[in-house]
1. Within segment 120-132, is even one residue more than 16 Å from ligand 2 (Cβ to nearest atom) and in contact with a His (Cβ under 7 Å, 6 or more places away or on another chain)?
2. If Gln438 satisfies every condition in (1) closer than 15 Å to Asp21 by Cβ; (2) in contact (Cβ under 8 Å) with a residue 40 or more places away in the chain; (3) not small (Gly, Ala, Ser) but one, which is the exception?
3. Collect the residues in segment 305-330 that are free of Cβ contacts under 8 Å to residues at least 60 places away in the same chain and not aromatic (Phe, Trp, Tyr), keeping them in residue-number order.
4. Can you name every residue in segment 120-136 that is open to solvent by less than 50 Å² (accessible area, probe 1.4 Å), modelled with pLDDT of 95 or more, part of a loop (DSSP other than H, G, I, E, B) and more than 16 Å from ligand 1 (Cβ to nearest atom)?
5. Which numbered condition trips up Gln275, out of (1) under 30 Å from Lys388 (Cα atoms); (2) more than 20 Å from the chain's Cα centre (by Cα); (3) polar (S, T, N, Q); (4) within 16 Å of ligand 1 (Cβ to nearest atom)?
6. Of the residues in segment 51-75, how many are under 25 Å from Asn414 (Cβ atoms) and more than 13 Å from ligand 1 (Cβ to nearest atom)?
7. Within segment 80-96, is there a residue that is within 26 Å of Asp169 (Cα to Cα) and modelled with pLDDT of 95 or more?
Amino acid sequence: MNDKWWKSAVIYQIYPRSFQDSNGDGIGDIKGIISRLDYLAKLGIDAIWLSPVCKSPQDDNGYDISDYMDIDPMFGTMDDMIALIEEAKKRNIKIIMDLVLNHSSDEHRWFIEAKKSKDNPYHDYYVWRDGTADTPPNDMGSVFGGPAWEWVPKLNQYYFHQFSVKQPDLNWDNPKVRQELYDMINWWIDKGVGGFRLDVIDQIAKEPDKKITADGPNLHKYIKELTANTFSKADLVTVGEAWSANIERAPLFSNPDGSEFSMVFQFEHICLDQQEGKDKWDLAPFPFVKYKQIMNKWQTQLHDKGWNSLFWDNHDLPRVVSRFGNDKEYRVESAKMLATALHGMQGTPYIFQGEEIGMTNVRYDIEEYDDLEIKNVYKERLAAGYSKEDIMNSIYAKGRDNARTPMQWDSSENAGFTTGKPWLKVNPNFIEINVESQLDDENSIFNYYAKLIRLRKEYDVFINGRFEMYLEDDEDIFAYSRTNDNQKMVVICNFHDKELDMPLKDETAGMKVLLSNYDEASDKLRPYEAIIYIGE
Ligand code: GLC
Ligand code: CA
């Protein structure tokens with residue numbers, strides 16, 4: 001079971017524009033990342049998932065690529081990228097590239113050609129339908145708001161875009177498109193990258209005439225072909241982003257035979273704190289017991305049949321400590337508890353930059369935000385009659401810029417992120433919450449994460465142990481065991497600020513405490529307390 005390096009790996013996600021600026025232009029860059037590799041080595045991570053650094057007009061912060069084989073000057077040069085791969089390698093860290101294959105930028109040369117004429121050789125690289133200026137092919141909407149069809153008068157046609165107007169969908173039904181993408185991926189593999197994260201990969205096989213976006217009939221056929229022509233040739237980690245993945249389809253995506261990906265990001269547990277049938281902006285309380293049921297299902301049903309990705313947050317999601325913990329009185333305790341709950345499960349854990357120091361959500365004025373999704377929802381909901389207060393509360397809770405504020409390195413101006421003006425305002429709490437203040441503090445969140453990562457390398461049971469949940473209906477406690485041939489581990493986490501009686505005493509009798517987020521032992525399970533026990 002431990003045959004694959006990525007099973008015992010911990011992956012750290014970097015959102016490049018917010019990580020470290022090296023030249024004072026206020027935007028993080030590749031040289032900045034290189035200057036922080038020692039920090040990441042100290043944390044103990046094995047790989048970096050780098051959000052897109054390829055050439056892009058930055059309409060969706062790099063998820064709109066205009067040249068897959070070049071680096072955006074904002075982030076540096078191809079030489080910088082090669083240096084990053086090499087410098088990371090010296091520290092036993094692999095670089096995972098973010099591949100955006102569902103769509104390109106409208107400024108990609110393929111699209112510029114495609115819209116010249118219907119018989120241009122690149123026209124069929126994208127998804128076009130006939131129509132008239134005021135009747136689009138159908139009423140499909142885009143993820144970021146507005147219609148999914150954009151009219152091009154010169155051609156008397158619409159092009160299809162699941163995301164912004166500047167992100168036209170690539171036509172995967174065209175074998176030439178697929179081949180171009182494979183060639184590009186192989187070129188990156190030759191550059192020495194350690195793997196790929198595949199952006200919205202479940203949406204590539206769209207069939208707009210049937211209003212199918214995710215999980216189209218040809219999806220797995222295309223993924224298998226993609227893998228056979230690219231990833232399967234090297235020892236890479238691949239992770240597909242698949243909002244539509246469910247437990248029935250996940251074993252396909254992450255089949256141990258290697259025909260698709262190493263693992264998928266699934267989001268079932270991430271979409272719980274919203275009103276049923278509505279979208280993420282329609283807030284609802286977090287149904288904790290339901291969360292546990294979902295984790296139980298993924299942990300037990302994917303065991304030996306696939307591989308889980310474990311994550312709480314990323315560049316599209318709010319900060320975990322604000323969302324599922326307590327970012328005030330119990331920020332430190334709850335950040336450590338959430339880390340414990342996650343890293344104790346089976347799968348490959350991901351840490352999103354800043355999570356390891358307990359960075360929190362922000363509350364900015366609407367003008368201070370940058371994200372196009374935030375701007376669009378604000379406009380749309382105002383027009384639809386929502387109150388400003390309502391909209392702002394949704395943005396505070398779910399806006400993507402919560403995750404994108406600059407990394408908080410120290411308490412100097414702009415948190416040590418830049419000497420210039422940061423592209424997005426720094427969270428004002430950087431004076432208190434920053435890397436520098438945590439490195440030498442043995443009890444810091446940072447050092448707790450470092451310990452968790454070390455334990456994972458020491459105890460096999462973290463990697464291959466079978467998962468079993470305790471106290472399924474308990475409204476406060478998330479507890480489970482992991483068992484392999486020679487070890488058993490019990491993880492107990494209090495998700496709330498109540499003090500409870502210590503549960504599972506019989507289970508843990510005779511076991512030793514491997515890690516805990518409180519100093520001294522107690523008979524009570526204190527607010528946000530987390531304990532890992534280990535025994536035979
Ligand atoms: C993914 C990315 C997100 C991006 C979208 C379109 O969901 O994580 O940041 O906006 O795809 O590429
Ligand atoms: Ca810069």
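1. Taking segment 120-132 as the starting set, the residues that turn out to be more than 16 Å from ligand 2 (Cβ to nearest atom) are 120-132.
Now drop any that are not in contact with a His (Cβ under 7 Å, 6 or more places away or on another chain), which leaves none.
Looking through segment 120-132, none of the residues is more than 16 Å from ligand 2 (Cβ to nearest atom) and in contact with a His (Cβ under 7 Å, 6 or more places away or on another chain).
2. Every listed condition holds for Gln438 apart from (1).
3. Lys305, Gly306, Asn308, Leu310, Val320, Val321, Asp327, Lys328
4. Applying the first criterion (open to solvent by less than 50 Å² (accessible area, probe 1.4 Å)) to segment 120-136 yields 120, 123, 125-128, 131.
Cutting the leftovers down to modelled with pLDDT of 95 or more gives us 120, 123, 125-128.
In the following step, the residues that additionally are part of a loop (DSSP other than H, G, I, E, B) were identified as 120, 127.
Asn120 - this is the single residue of segment 120-136 that is open to solvent by less than 50 Å² (accessible area, probe 1.4 Å), modelled with pLDDT of 95 or more, part of a loop (DSSP other than H, G, I, E, B) and more than 16 Å from ligand 1 (Cβ to nearest atom).
5. (4)
6. Total satisfying the criteria: 6.
7. Quick first cut of segment 80-96, residues within 26 Å of Asp169 (Cα to Cα) only: 96.
Remaining after also requiring modelled with pLDDT of 95 or more: 96.
Within segment 80-96, one or more residues are within 26 Å of Asp169 (Cα to Cα) and modelled with pLDDT of 95 or more.
One line per residue, one yes/no per condition, for (1) of a type in the set (Ser, Thr, Tyr); (2) surrounded by fewer than 17 Cβ atoms within 10 Å (Cβ to Cβ); (3) touching a Phe, Trp or Tyr at 6+ places or on another chain (Cβ under 9 Å); (4) in contact (Cβ under 8 Å) with a residue 60 or more places away in the chain:
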site: Asn376; (1), (2), (3), (4): no, yes, yes, yes
site: Ser394; (1), (2), (3), (4): yes, no, yes, yes
site: Asn414; (1), (2), (3), (4): no, no, yes, no
site: Lys421; (1), (2), (3), (4): no, yes, no, yes
site: Ile453; (1), (2), (3), (4): no, no, no, yes
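The values are calculated or read from the model by the stated rules, or taken from the named source; none is laboratory data. On a predicted model such as this, the values are computed, not experimentally measured, just so you know. When we count neighbours, we look across all protein chains shown, and the Cβ atoms used for this are built from the backbone with ideal geometry, even at glycine. Note: accessible area is taken over every heavy atom of the protein model, side chains too, but ligands, DNA and RNA are not part of it. Shrake-Rupley method; radii C 1.70, N 1.55, O 1.52, S 1.80 Å.
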